[in-house]
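Please read the structure below before turning to the comments.
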Amino acid sequence: MPGTSSPISVTTKLERTAKLARQAPQMVMTTLAHLIDVDLLREAYRRTRKDGAVGVDGQTAAGYAASLESNLQSLLDRFKSGTYRAPPVRRVYIPKGDGTKLRPIGIAAPDRHRCARSASRRWKTRSSSARW
């Protein structure tokens, strides 16, 4: 399908960054922002759960996917321009195992949960030897 991400190209970028971090452990990496692109966000989206609860913005995974390319481009544009702000997390309480107490969990909105966090997590996992 034209325009879809190739896991190989995204993985290659991640591997290249990890290799650089291993080869020059004294180098301090201050940002990876210039390496984040729509392909990385699309791959991060592909790897996330789609059956999660609705976030604070009320958007479902199906609603986000209906305009996936424009949503990812908008997310990237906001990220690169410095105007991206992660939406708040919706707090809900679920019963603990015995059912007598509740514990809080946070449900993130699609932009945050499905793309931004996943991309960041993948970069940090691949280049864990780098100094930040």
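Stretching residue 33 away from residue 102 to a fully extended chain increases their span by 21.0 nm, per 0.36 nm per residue minus the current alpha-carbon distance. In terms of packing, defined here as the mean over residues of other Cβ atoms within 10 angstrom, the peptides 68-79, 97-108, 34-45, 51-62 line up highest first as 34-45, 68-79, 51-62, 97-108. Extension gain for the segment residue 22 to residue 81, taken as residue separation times 0.36 nm less the Cα-Cα distance, is 18.3 nm to one decimal.
A short reminder: the numbers here are calculations on the coordinates, not readings from a lab. All figures in this text were calculated on a predicted structure; none of them were measured in a lab. Note: ideal-geometry Cβ built from the backbone for every residue, glycine included; neighbour counts use all protein chains shown.
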